[in-house]
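The values are calculated or read from the model by the stated rules, or taken from the named source; none is laboratory data. Remember, predicted model here, so these are calculated numbers, not experimental data. Cβ atoms come from the backbone with ideal geometry, glycine included; neighbour counts cover every protein chain shown.
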Amino acid sequence: MTQDLPDDEGMREVFVRLSGLIYAGADESDIHQAIVDAAVRLVDGCEHASIMLRRNDRFSTAAGTDEVARRADAIEREVREGPCFDAVTEESFQHDADLTDGSSPWPRFTERVLAETPVRSAIGYRILLDGDKVGALNLFADRPGALTEQSADQGAVLASFASVALMALKAREEAATLRLGLRSNREIGKAVGLLMAAHHMNAEQAFQVLRRTSQELNMKLTQVAEQVVRGQEQQFGPGSRRDGS
């Protein structure tokens with residue numbers, strides 16, 4: 001792989017659009033699909049692409065451009081070898097420009113993929129998340145030699161972007177979880193305060209009331225707190241009077 005990365009206006013334009021998807025709040029599946037679709041547009045010779053992710057040592061296809069890409073992924077999972085598997089376990093990308101020449105490092109994968117798909121050339125790049133190898137970007141072509149060294153350079157840029165995209169998604173999810181946690185804590189705090197005022201109890205007693213109710217009703221503590229707050233708002237909302245009249 002050469003050190004000169006491609007500097008192409010079309011590639012920058014696609015990356016700007018992909019970045020826009022991430023920060024506009026598009027869901028994970030849409031972003032994965034946008035990355036594999038971009039591979040066919042940006043990488044010379046690439047006709048099919050997929051993203052395979054590993055969770056708890058189980059691999060699944062997160063996105064594919066077409067049935068050919070998905071079938072190639074399925075073969076890798078069945079035979080437990082191929083560009084994706086090696087990309088995840090090795091430090092470098094995996095590139096076999098000609099799967100038909102008898103020298104493939106993945107004999108079982110190659111035999112099946114040649115028999116069951118039009119794929120004749122493949123590259124696999126690892127995808128990193130916080131330093132962990134969580135999956136791979138796979139590129140396939142139907143013609144031997146179609147995925148060249150230049151193709152490999154172009155794909156490496158896209159694979160790096162895919163890693164950045166996953167990190168951005170994770171950060172967004174963590175921020176959403178934090179916001180949800182803060183909201184839950186606020187609701188619980190409100191409910192505790194309302195119970196303390198209504199029943200002349202201290203904070204610990206009020207919290208224990210919420211906890212016991214949560215257990216008895218088999219509801220989350222936050223849900224019970226929300227019901228308490230909602231009940232008070234309805235009782236003392238606009239148009240109501242505290243003297244009951």
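Points to keep in mind about this one:
- Condition check for Arg230: surrounded by fewer than 14 Cβ atoms within 10 Å (Cβ to Cβ), modelled with pLDDT of 80 or more and either part of a helix (DSSP H, G or I) or in contact with a Leu (Cβ under 7 Å, 6 or more places away or on another chain) (or both): no
- Positions within region 89-116 being out of contact with any Asp or Glu (no Cβ under 6 Å at 6 or more places or on another chain) and surrounded by 19 or more Cβ atoms within 10 Å (Cβ to Cβ), in sequence order: Phe93, His95, Asp96, Ala97, Leu99, Thr110, Arg112, Val113
- Matching residues, region 97-127, being over 15 Å from Asp86 (Cβ atoms) and in a strand (DSSP E or B): Ser121
- Matching residues in region 46-90 - criterion: being among the polar types (S, T, N, Q) and either assigned to a strand (DSSP E or B) or free of Cβ contacts under 8 Å to residues at least 24 places away in the same chain (or both): Ser50, Asn56, Ser60, Thr61
- Number of positions in region 111-131 that are within 23 Å of Phe161 (Cβ to Cβ) and not hydroxyl-bearing (Ser, Thr, Tyr): 9
- Close pairs from region 143-164: first on the phi > 0 side of the Ramachandran plot, partner buried (at least 16 other Cβ atoms within 10 Å of the Cβ) and of a type outside the set (Phe, Trp, Tyr), Cβ under 9 Å, at least 6 apart: Gly145/Gly45; Gly145/Ala97; Gly145/Asp98; Gly145/Arg120; Gly145/Ser121
- Looking only at region 40-83, residues that are hydrophobic (A, V, I, L, M, F, W, C) and more than 17 Å from the chain's Cα centre (by Cα) come to 10 in all.
- When each of Asp132, Asp142, Asp86 is tested for being in the same structural domain as Val43 (by TED's automatic domain parsing), closer than 20 Å to Asp44 by Cα and among the acidic types (Asp, Glu), the lone residue that passes is Asp142.
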